[in-house]
Amino acid sequence: MIRILLADDEDLTRGALAALLDLEPDLAVIAQAADGPAAVQAATHHPIDIALLDLEMPHLDGIAAAQAIHRHRPVPTVLVTRHARPGVLRRALAAGIRGFVPKTTPATQLATILRDIHTGGRYIDHRLATHALTETPCPLTPRELDVLRAVHHGHAISAFAEQHHLAPGTVRNYLSGAITKLAVRTRHEAARRAWEEGWI
């Protein structure tokens, strides 16, 4: 029996998917979570074999949750998403995620994917792989991405500077660099562009 942790912030989607997976004779959803932190906690308290995580979850997205789960338990992680942006795929692979599937994937195909990943395989939707190979490389530095991620989540620049032990002027320089590279006018436009590309 393949024991699954299922995390999705949409109750109806999570419940329906759990019911469909439980119809498979060799799959069992033994833990569920409605956000990233709850998924990490569930992974440390249940003997799971695979973590199936929604990409867009509150408090901690699927990629960050997967990284935290990997630190506690070396189980394969699979992301499901309806926002299949190519840049997100690159981040997911860098985080050690073994599967990346759109939410349009039929439940029977998802079950097959989970079985394959449980035995050491990988799965990436072919359309996402094609887009990832042809996308424009990210021109931003890791620190510029960090700052834009903070802007995207509505955090104040002063709070970011204090948290990372940086001078506010240094943070503004990172923002200015990102704005120039992306050829936009404001920090919010830069953050939106970085999110749309899947870089943050």
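Each value in this text was obtained by applying a stated rule to the coordinates, not by laboratory testing. The shown structure was predicted, so the numbers you read here are calculated from the model rather than taken from an experiment. Using ideal geometry, Cβ is built from the backbone for each residue, glycine included, and neighbour counts are taken over all protein chains shown.
How big is the stretch 142-197 by Rg and Dmax over its Cα atoms, in Å?
10.2, 28
Rounded to the nearest 20 debye, what is the charge dipole size of the stretch 2-134 about its Cα centre when +1 sits on each Lys and Arg Cβ and -1 on each Asp and Glu Cβ?
So the magnitude is around 560 debye.
Charges at C-beta only: +1 for Lys and Arg, -1 for Asp and Glu. How large is the resulting dipole of the stretch 121-200 about its Cα centre, in Debye rounded to 20?
I would put it at about 100 debye.
What value, in deg cm²/dmol to 500, does the helix sum -39500 (n - 2.57) over DSSP H runs of n ≥ 4 give at 222 nm once divided by the residues of the chain?
My calculation for the chain gives -16000 deg cm²/dmol from helical runs alone.
Let me know the Kirkwood hydrodynamic radius for the stretch 81-200, please, with Cα pairs as the basis and the value in Å to one decimal.
16.0 Å
Any idea what the alpha-carbon Rg over 2.2 N^0.38 Å comes to for the stretch 35-144?
1.06
What is the P(r) of the chain, as percent of Cα-Cα pairs per 5 Å bin from 0?
In whole percents, the pair-distance histogram is 1, 8, 16, 18, 17, 14, 10, 8, 5, 2, 1, 0.
Across every pair of different alpha-carbon atoms, what Kirkwood hydrodynamic radius in Å does the stretch 7-90 reach?
Mean inverse Cα-Cα distance, inverted, gives 12.9 Å.
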